[in-house]
Number of protein chains: 2
Amino acid sequence: MSAPRDDLPAAAEAAGRSTSARLPAGRTSTGRVVPEATVARLPVYLRSLTALVERGVNTVSSEELAIEAGVNSAKLRKDLSHLGSYGTRGVGYDCEYLVYQISRELGLAEDWRVAIVGIGNLGHALANYGGFASRGVSVVALLDTDPEVVGEKVAGLTVVPMSELEHVVADGGVSIGVIATPGPAAQEVCERLVAGGVTSILNFAPTVLQVPEGVVVRRVDLSTELQILAFHEQRRLAERELADLGTGRRSTGDAAGAEGLAGWRMAR
Amino acid sequence: MSAPRDDLPAAAEAAGRSTSARLPAGRTSTGRVVPEATVARLPVYLRSLTALVERGVNTVSSEELAIEAGVNSAKLRKDLSHLGSYGTRGVGYDCEYLVYQISRELGLAEDWRVAIVGIGNLGHALANYGGFASRGVSVVALLDTDPEVVGEKVAGLTVVPMSELEHVVADGGVSIGVIATPGPAAQEVCERLVAGGVTSILNFAPTVLQVPEGVVVRRVDLSTELQILAFHEQRRLAERELADLGTGRRSTGDAAGAEGLAGWRMAR
DNA sequence: TCGACTTTGTGCGTTCGTTCACAAGTGCAT
DNA sequence: ATGCACTTGTGAACGAACGCACAAAGTCGA
């Protein structure tokens, strides 16, 4: 049977806390260094794991979880090894325990408060998105300039006017700001968020924000994503043409066709 | 004058990742190879450049453009050098010409057709997003299951029922699909899109899609992004606590406060 | 207790990406 | 012309990330 590590919510302290004097950027509470690339994948693993738990799965091997998460199994193991040795050789990983450990690593034990600025369609979508409400992150404020929108109830919260921004952010203990405004407004909103004490920003506006040192910004840009896809489309097209020129029909073009379809669901 | 620019910690990796099999790093029409990391930044440069053009700027140096785009100038130059030698030493780059070259490289000369599946709040937001309508990418179909939504006019298009999917995609020459459905529906939608001939997918659902070889998937996941920010918040918190332990209260917290604000706008 | 089998954790070579630093080119003033 | 100020393009060093392959560590059945 799987290793019964029953130190779930309790042993957060026992686990790490080497509390050595120096902790240069990059170290976590456990003193380990978690590479950025790994951090970016942890949420994916977390989601796959919670899905498994809900399906009643107790234990999962790196191979299975890797398929679920769409990564290489060696990479998965290395990623997890950065958090500690939480697997059991010959068995795999205890799903629930791993969920707990990854959550802890990501800082989802605390409850980070989020304010969303700009309650258009996107802002609505974000506010209503139940996905993160569940753990670690809770939306506590919605703001907009439009008098039509202000006062409206969205996802159980009342939209407040932009003039309240600093107030709401500072008093509400908000540390993460989400910008879903049109591009031109983004920089100013950003500055006001930071002034209110926000130190992390998720920016959906098509703008590169200028922020003071110490503030982390992540940008999500729809048209950027589409343009990257366009690039790949074009490249594929060029390759196909080139291939056709040569042997008639070999290589990549087919992969997207019938042949590839046969095996595409092997994972599951 | 310390640089106020904050290097985005994870910019390169960020949200999207290609699920498809190793595409042999893109060759351009000229036979050059453009690294993925560069491709991911080109849209940002493109946006900065078009903004400059609109402001009436003719020429820009790598240093200026780099600030605008939030990257290191050496990186910018190397990125651009992958497209060819389009700059003039001692002068800089001709904005309009560079816009043209980057557009061409990204494949925005062609007009890629996009279908959006799932017209909830997010789907609405995407459909109405004017940003990409302008160049290279045009939304030609909206689909949803909900009879309430089907028939509705959004952004000048009528929402059609999901049963039409393969038909609309195949006949409409759609090569890029955007999935904005709830998680559970995503995999099936994906399969049907591919069956209709889509070879690139932008997935907003919280799911890892299984696709046949040759199909490129980029994933944009809100809660993933927030969890990454939570990680950084936590790390910063830990560091601050540790710093306070040492010298009383000269903490990094101040950096986000008044002190940092002084210089943060120098770029502009 | 033993041996066959499974799966983790990681050392290592490779590839990819970033940054530095500077030679080579360009325009301008003199 | 000549020299100066400026900026590109890139070689080279560095660093991060990937993935293979395997020893170590565990399980399970007899």
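The values are calculated or read from the model by the stated rules, or taken from the named source; none is laboratory data. Everything numeric here is computed off the predicted structure, so don't read it as measured data. All Cβ positions, even for glycine, are placed from backbone atoms using ideal geometry, and neighbour counts span all protein chains on display.
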request  = Please go through the range A:152-206 and pick out each residue that is among the small types (G, A, S) and more than 17 Å from A:G123 (Cα to Cα).
outcome  = A:S163, A:A170, A:G172, A:G173, A:S175, A:A195, A:G196, A:G197, A:S200
message = When you check A:D79 against the structure, is it acidic (D, E) and either within 14 Å of B:V208 (Cβ to Cβ) or within 10 Å of DNA strand D (Cβ to nearest atom) (or both), yes or no?
response = yes
task = Looking only at the range B:118-159, count how many residues are part of a helix (DSSP H, G or I) and without any contact (Cβ under 8 Å) to a residue 24 or more places away in the chain.
result = 5
note = Of the conditions (1) within 13 Å of DNA strand D (Cβ to nearest atom); (2) in a strand (DSSP E or B), the single one that B:L98 does not satisfy is (2)
ask   = Within the range A:149-156, is even one residue within 16 Å of DNA strand C (Cβ to nearest atom), surrounded by 18 or more Cβ atoms within 10 Å (Cβ to Cβ) and under 30 Å from B:A180 (Cβ atoms)?
value = no
task = Tell me which residues, restricted to the range B:177-202, are buried (at least 24 other Cβ atoms within 10 Å of the Cβ) and either modelled with pLDDT under 95 or assigned to a strand (DSSP E or B) (or both).
result = B:G177, B:V178, B:I179, B:S200, B:I201
remark   = Checking A:R47, A:R5, A:R32, A:R41 in turn, the sole residue that is within 12 Å of chain B (Cβ to nearest Cβ) and modelled with pLDDT under 95 turns out to be A:R32
query = Restricting attention to the range A:128-155, which residues are modelled with pLDDT under 95 and among the small types (G, A, S)?
reply = A:G130, A:G131, A:A133, A:S134, A:G136, A:S138, A:A155
task = Confirm whether A:G173 is under 23 Å from B:F204 (Cβ atoms) and surrounded by fewer than 22 Cβ atoms within 10 Å (Cβ to Cβ).
result = no
task = Quickly run through the range A:150-186 and pick out the residues that are more than 24 Å from the chain's Cα centre (by Cα), closer than 25 Å to A:R218 by Cβ and β-branched (V, I, T).
result = A:V159, A:V160, A:V168
remark   = Selection over the range A:42-66 where residues are under 18 Å from B:P206 (Cα atoms) and either aromatic (F, W, Y) or buried (at least 20 other Cβ atoms within 10 Å of the Cβ) (or both) yields a count of 11
ask   = Do you know which of the residues in the range B:44-83 that are among the acidic types (D, E) and more than 17 Å from B:E105 (Cβ to Cβ) is nearest to DNA strand C (Cβ to nearest atom)?
value = B:E63
query = Of (1) surrounded by fewer than 21 Cβ atoms within 10 Å (Cβ to Cβ); (2) facing chain A (nearest Cβ under 7 Å), B:I228 satisfies all except one. Which?
reply = (1)
inquiry  = With the requirement that a residue be at the interface with chain A (Cβ under 9 Å from one of its Cβ atoms) and part of a loop (DSSP other than H, G, I, E, B), what does the range B:165-176 give you?
reply    = B:S175
ask   = Which ones in the range B:87-112 are more than 12 Å from DNA strand C (Cβ to nearest atom) and of a type outside the set (A, V, I, L, M, F, W, C)?
value = B:Y93, B:E96, B:Y97, B:Y100, B:Q101, B:S103, B:R104, B:E105, B:G107, B:E110, B:D111
inquiry  = Going through A:G90, A:G84 one at a time, which residue ends up being touching a helix residue (DSSP H, G or I) at 6+ places or on another chain (Cβ under 9 Å) and surrounded by fewer than 19 Cβ atoms within 10 Å (Cβ to Cβ)?
reply    = A:G84
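Against the definition (hydroxyl-bearing (S, T, Y) and out of contact with any strand residue (DSSP E or B) (no Cβ under 6 Å at 6 or more places or on another chain)), how does B:Y100 come out, yes or no?
On the way: hydroxyl-bearing (S, T, Y): yes; out of contact with any strand residue (DSSP E or B) (no Cβ under 6 Å at 6 or more places or on another chain): yes.
Here the answer is yes, as B:Y100 does meet what is asked.
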note = Among residues of the range B:197-220 being charged (D, E, K, R) and facing chain A (nearest Cβ under 7 Å), the residue nearest to B:A185 (Cα to Cα) is B:R218
inquiry  = Looking at the structure I just gave you, is A:V53 of a type in the set (V, I, T), facing chain B (nearest Cβ under 9 Å), part of a helix (DSSP H, G or I) and out of contact with any Lys or Arg (no Cβ under 6 Å at 6 or more places or on another chain)?
reply    = no
inquiry  = I'm told B:A115 meets every condition in (1) in a helix (DSSP H, G or I); (2) more than 14 Å from DNA strand C (Cβ to nearest atom); (3) of a type outside the set (D, E) except one. Can you identify the failing condition by its number?
reply    = (1)
